[in-house]
Amino acid sequence: MSTENNVSRRDFLKTTGIAAGTLVGGGLIGGLVGYNMNGKGTATLDHGNGTTNEATGSPKAKMFFMNERDFSVLSNATERIFPEDDLGPGAIGLDVPYFIDHQLAGQYGSNSKEYMHGPFAEGAPTQGYQSRLTRAEIFKQGVQKIEAEAQNRFKKGFSDLEGKQMDEILTAFQKGEIQMSGVTSAFFFILLRAATLEGAYADPMYGGNRNMDGWRMKGFPGHQMTYATQIEDAKFQKIEPNPLGNH
Amino acid sequence: MVTTLPSVDVVTVGVGWTGGIVAAECSKAGLKVVGLERGQKRGTEDYLNVHDEYRYAIRYDIMQNLSKETVSFRNNSKMRALPMRQLGSFLLGEGLGGSGTHWNGMSYRFLPYDFQIKTLTDERYGPNKLDPDYLLQDWALTYDQLEPYFDKFEKTAGISGEDKNPFAGKRANPFPTPPMKMTPMLEQFEKAAKNLKLSPYMVPSANVSEVYKNPDGETINACQYCGFCERFGCEYGAKSSAEITVVPTALKTGNFDLRFNSNVVEILKQGNKVTGVKYIDTISGEEFIQPANVVVLTSYVFNNAKLLMISNIGQPYDPTTGKGTLGRNYCYQILPGAAGFFDEQYNTFMGAGSLGMTVDDYNGDNFDHSELDFIHGGNIALTQTGTRPIGSNPTPPDTPTWGPEFKKQSIHYYTRSFGIGAQGASMPHKENYMSLDTVYKDAYGLPLMQLTYNFTDQDRALHKFISARAADIMKEMGAKTIVPSAEITDYNIVPYQTTHNTGGTVMSSTPENGVVNNYLQHWDVENLFAVSAGNFAHNSGYNPTGTLGALAYRCAEGIINYSKSGGSLV
């Protein structure tokens, strides 16, 4: 836990009585603003045990991908979707590939909240996802197909290609031109694009959005308890982002 | 092995707004009530970490787990229906409070026109305004008859608002709390609407504007404008929902027994009466029979209709013969609108689910449709709900959907764009209906509810007209680039649209025209009630919860009366 925020969020709620339903008037507001001003990203905090947040808050270990080549293909593909530029880091700099890896290893990857019973049939586009494959299976196949397509077109690994060559391949996936088994390449591309944005902008506790730089670029302040004193202001409010991990 | 439990006065199937209201009113009146909720217990203390867009808004943490139960869907009866495998078009609820936990809190009353839509349309435009394939019918109540129940729901929920809408039905009392705060975006909308001779007013809101104690003694806190309402529970107890209002009220009476993880699989019937329900404890797998003098279906639209169908109560609708009422008049909503891109930067990330300004000038029959090929319309609103970064990546037309230009534009316009949206009313059509799926089953071996639904010509015409009106307002607001919504073709179950599904168990003034009477009492079975937005004979151009809340109070009154006197209430 943060040592700089002396009050945890739960304690804070308790002491102001808000959780107990006794909040009255405006007594809360001043305290909230001050609290938010102290908020700092977990990524900048020293955990005091000799480890940095680099190792603990955003682990660079793979839970899903089994080899460097596949992970590198995924990484480069996400970077083409959300590239580094003068605004700030791209997907790789934001640790998006690790975010996706971790998601594929869990509930998201195993489709545990989706209806996955057969029979499976190809439906109309208006009927949506009808694949028998889980997202983990789709990503694994998709990443390997990207690599195969690179070899096919350019006789090189995807990660060794020029940016424009990578874009050509990703565009072919997006247009559904690449043959995949049990799913269209267009659907895989939709998943890949969505997961890239999720990794760039989800709370850093999920392993992406490193140092909250995704939020910082976009001007999103993350978790703030209230805007009650600012919402009527005409001026745009630049607020240093705060992650949920600062509770 | 089925365990039969001691009988009670009333059992409700589902405990969201409707189940909670019925439970509160009946238990206050001294009736013994059991509430069966298939999901889990939850409340304000469970929402402290809700500022997590990924978990709640993208991965749908508090919504229905589709691995257990979903719906199947096809656009028309010639297509093969396939399951909705992941949530998309609408977000079904589960757990205490149901979808009333993750609502935005917009709490309108439908227009007086809505309740007499058939009569008033025929009077003004003649009997052939709509093709006869549209199953338009009056509701079984007028606005004036429902007004006291609207009043009661608004007082329970502490709705914040202002009585400035010239098209609204007459109110007996002012809103219980003042309207929400005015923001620069809303001011700009208000000014533009007035310049166009429209009548803007603040959206009636269950994100309550000040600390409020309701007539049952429950306290609702003041909204903090933190921007996490839609798809989230409220960490402050400031967004009115069943778990902070009617459920605690019911529990305090000592007459309410609330059971979780209790999934009802059948309504039990003997002769002309129901005797109770059968349910499965989803943790232990045990089966129970809960006998009751009155059974009340208080789950979402789909499950209310499904339970009647699998229990063989009432006549399922057959689109080829037009016979039967159960499953008929399924309606959705259409969402016309216009996006605007500005040079100025706005605090788009601040907001509340029902912080907004709206106009009703193009809703209902508030404008002349003589030269138009549709009826009704929609409210047109600018809402500042708190835009989140994963879900909101606005780009001007012709921007690529990924790569450097996408990144640059989506970041630039995240705080420089917003939409004006409308909720377009939906008229029932003979080809749009609900039935039981013959192939796909839920986790309990019961058929899935099957939707046969497509947009109709009426929807397409309405969408085009209202999108143009939204663009007019956006232009007057001074947007640099204005993008009206593209014309709609076929309904697609994939992208999120709205969780305003209605119909299937329609309220009617005669048994031939619907499933329940105007106390939401089943026409064929006097001790069975079904209350949900399934009772709506069409869908209006508003959010449904205000009208649904009113119907739930009407239903509760019916149950209490029935418990004293028995028989048909009409």
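The values are calculated or read from the model by the stated rules, or taken from the named source; none is laboratory data. Since the structure is predicted, the reported quantities are computational estimates derived from the model, not experimental observations. With ideal geometry, Cβ positions are generated from the backbone for all residues, glycine too; neighbour counts draw on all protein chains shown. In case anyone asks, the SASA skips ligands and DNA or RNA and just uses the protein heavy atoms, side chains included. Shrake-Rupley method; radii C 1.70, N 1.55, O 1.52, S 1.80 Å.
Sort B:42-53, A:221-232 by packing, meaning the average of other beta carbons within 10 Å per residue, with the highest value first.
Numbers: B:42-53: 19.3, A:221-232: 21.9.
Output ranking for B:42-53, A:221-232: A:221-232, B:42-53.
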Q) Based on the inverse mean of 1/r over its pairs of different Cα atoms, what is the Kirkwood hydrodynamic radius of the range A:74-171, in Å? A) 15.3
**Q.** Per-selection metrics, the range B:302-406 (Cα): Rg and Dmax in Å
**A.** 21.4, 60
Q: Give the ranking of B:Phe189, B:Phe260 by solvent-accessible surface, highest area first, calculated with a 1.4 Å probe.
A: B:Phe260, B:Phe189
Q.
So if the hydrodynamic radius of chain B is defined as the Kirkwood radius over C-alpha pairs, what does Stokes-Einstein give as its diffusion coefficient at 20 °C and 1.002 mPa s, in µm² per second?
A. 90
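Mind checking B:211-220 for the average number of partner chain beta-carbons within 10 Å of each residue's beta-carbon? The partial results should precede the final answer.
Values: counts 5, 0, 0, 0, 0, 0, 0, 1, 5, 1.
Partner-chain Cβ atoms within 10 Å, mean over residues of B:211-220: 1.
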Q: Could you tell me what percent of the accessible area of the protein assembly as shown is made up of carbon and sulfur, with a 1.4 Å probe and every protein chain present?
A: 49
Q | B:Ala443-A:Ile190 pseudo-label distance in nm [points 7 Å out on the Cα-to-Cβ vector] | A | 2.6
Q | Euclidean distance between Cα centres, the range B:82-151 to the range B:516-557, Å | A | 10
Q) How big is the range B:113-185 by Rg and Dmax over its Cα atoms, in Å? A) 16.7, 46
Q | Spatially proximal aspartates and glutamates relative to B:Lys239 (Cα-Cα < 12 Å; intrachain offsets below 8 disregarded) | A | B:Glu210, B:Glu230
Q: Sort B:135-143, A:67-75 for me by packing, meaning the mean count of neighbouring Cβ atoms within 10 Å per residue, highest on top.
A: B:135-143, A:67-75
Q. To the nearest whole percent, what portion of all C-alpha pairs in the range B:447-570 is separated by more than 24 angstrom?
A. 47
Q | Kirkwood-Stokes translational diffusion coefficient of the range B:188-332, alpha-carbon pairs, 10 °C, 1.306 mPa s, µm²/s | A | 80
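Give me the inter-chain shielding for B:400-411: mean count of other chain Cβ atoms within 10 Å, whole number please.
The mean count of partner-chain Cβ atoms within 10 Å per residue comes to 6.
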Q) Taking the simple approach of a point 7 Å from Cα along Cα-to-Cβ for both A:Glu68 and B:Met1, what is their distance in nm? A) 5.9
Q | Nearest-10 value in Å² for the accessible area of A:Arg193, using the 1.4 Å probe | A | 70
Q) Relative contact order for chain B: what is it in percent, counting Cα pairs under 8 Å that are at least 6 residues apart? A) 23
Q: Among DSSP beta bridges lying fully in the protein assembly as shown, give the percent that are antiparallel, nearest 5.
A: 65
Q.
For a Förster distance of 30 Å, can you work out the FRET efficiency between the beta-carbons of B:Asp122 and B:Asn195, rounded to the nearest 0.05?
A. 0.25
Q: In whole angstrom, note down how far apart the Cα centers of the range A:105-184 and the range B:229-250 are.
A: 41
Q) If r is the Cβ-Cβ distance from B:Lys323 to A:Gln144 and R0 is 56 Å, what FRET efficiency results, to the nearest 0.05? A) 0.55
Q: Please figure out what share of the DSSP beta bridges in the range B:433-566 is antiparallel and state it in percent, rounded to the nearest 5.
A: 90
Q: Please report, to two decimal places, log10 I(q)/I(0) for the range B:256-304 at q = 0.15, 0.26, 0.27 Å⁻¹ as given by the Debye formula with identical point scatterers on the Cα atoms and no solvent.
A: -0.42, -1.12, -1.17
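Please state the relative contact order of the range B:341-500 as a whole percent: Cα pairs under 8 Å, 6+ residues apart?
Reported as a whole number, the value is 24 percent.
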Q.
Suppose we keep just the DSSP beta bridges with both residues in the range B:252-370; what percent of those would be antiparallel, to 5?
A. 95
Q) Mean projection of the alpha-carbon convex hull of the protein assembly as shown over all orientations, in nm²? A) 33.7
